[in-house]
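The structure appears below as structure tokens.
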Amino acid sequence: MKFVVHEHHATRLHYDFRLEIAGVLKSWAIPKGPSMNPSDKRLAVMVEDHPLEYGEFEGIIPQGHYGAGAVLIWDSGEFQPEGDPEPALKKGRLSFNLDGKKLKGNFALILMKGRGTGKDWLLIKGEDFFAEKDWEVKEELTPAKKKKLIEKIPPCETS
């Protein structure tokens, strides 16, 4: 199964963490981005599912549309859940391994109880060979990349 992390320059920079589960990309918005430091507990707000094809998307979402702003693939690779991911999500604890360019090793998504909406999770890196205590998320969007993204998007049709 696949995973992808989109760097999303919308109203505020955040990272969209997506896991291929049950034929869709289950998605969480992570304001501070994922971390390879097991001491970091990153808020991950569950958002709507996305089609698998969205995992390949890079470009500019035009102003006036939901999520307007630059989107680029920050990381991607293979996702291996520990056990069946659907019941694990329902129980509020999904453990898995990632094999990406940046994110590697054991991770867990844990539902925060008592927060009302049932959409607030924590993304936590496991203690393993790949853990990095001095981890910092580095933005990938440079002016040159932004120019290329703008060139990928056809003009919006107006009615």
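Selection of the range 52-76 for residues being under 21 Å from Asp99 (Cβ atoms) and in a strand (DSSP E or B) yields Leu72, Ile73, Trp74, Asp75, Ser76. In this structure, does Leu123 turn out to be in contact (Cβ under 8 Å) with a residue 24 or more places away in the chain, part of a strand (DSSP E or B) and over 17 Å from Ile21 (Cα atoms)? Here the answer is no, as Leu123 does not meet what is asked.
For the range 8-21, which positions are over 10 Å from Leu52 (Cα atoms) and over 8 Å from the mean Cα position of the chain (by Cα)? Step through it out loud before you land on a result.
The first filter runs over the range 8-21 and keeps only residues over 10 Å from Leu52 (Cα atoms), leaving 8-17.
Correct list: His8, His9, Ala10, Thr11, Arg12, Leu13, His14.
Of the listed requirements (1) of a type in the set (A, V, I, L, M); (2) under 23 Å from His9 (Cβ atoms); (3) at pLDDT below 95; (4) in contact with a strand residue (DSSP E or B) (Cβ under 7 Å, 6 or more places away or on another chain), Met112 misses just one: (2). Residues in the range 21-32: is at least one buried (at least 18 other Cβ atoms within 10 Å of the Cβ) and touching a Ser or Thr at 6+ places or on another chain (Cβ under 9 Å)? Within the range 21-32, not a single residue is buried (at least 18 other Cβ atoms within 10 Å of the Cβ) and touching a Ser or Thr at 6+ places or on another chain (Cβ under 9 Å).
For the residues Glu20, Glu53, Glu7, Glu48, the requirement of being touching a residue at least 40 places away in the same chain (Cβ under 8 Å) and more than 17 Å from Glu136 (Cα to Cα) singles out Glu20.
Restrict the check to the range 30-39 and report whether at least one residue is hydrophobic (A, V, I, L, M, F, W, C), more than 22 Å from Asp134 (Cα to Cα) and in a strand (DSSP E or B).
Applying the first criterion (hydrophobic (A, V, I, L, M, F, W, C)) to the range 30-39 yields 30, 36.
Now drop any that are not more than 22 Å from Asp134 (Cα to Cα), which leaves none.
No.
So, in the range 55-70, how many residues would count as being at pLDDT 90 or above and not charged (D, E, K, R)?
1
In the list Phe96, Phe57, which residue meets the criterion of being surrounded by 13 or more Cβ atoms within 10 Å (Cβ to Cβ) and touching a Phe, Trp or Tyr at 6+ places or on another chain (Cβ under 8 Å)? The conditions single out Phe96.
Among the conditions (1) surrounded by 10 or more Cβ atoms within 10 Å (Cβ to Cβ); (2) in contact with a Gly (Cβ under 7 Å, 6 or more places away or on another chain); (3) at pLDDT 65 or above, Phe129 misses just one, which is (1).
Per the conditions (1) at pLDDT 80 or above; (2) aliphatic (A, V, I, L, M); (3) over 19 Å from the mean Cα position of the chain (by Cα), the sole criterion not satisfied by Leu123 is (3). Out of all the residues in the range 80-97, is one or more part of a strand (DSSP E or B), closer than 20 Å to Val137 by Cα and free of Cβ contacts under 8 Å to residues at least 60 places away in the same chain? Checking the range 80-97: at least one residue is part of a strand (DSSP E or B), closer than 20 Å to Val137 by Cα and free of Cβ contacts under 8 Å to residues at least 60 places away in the same chain.
The values are calculated or read from the model by the stated rules, or taken from the named source; none is laboratory data. As the structure is a prediction and not an experimental result, all values here were calculated from the model. Positions of Cβ are backbone-derived with ideal geometry, glycine not excepted, and every protein chain shown enters the neighbour counts.
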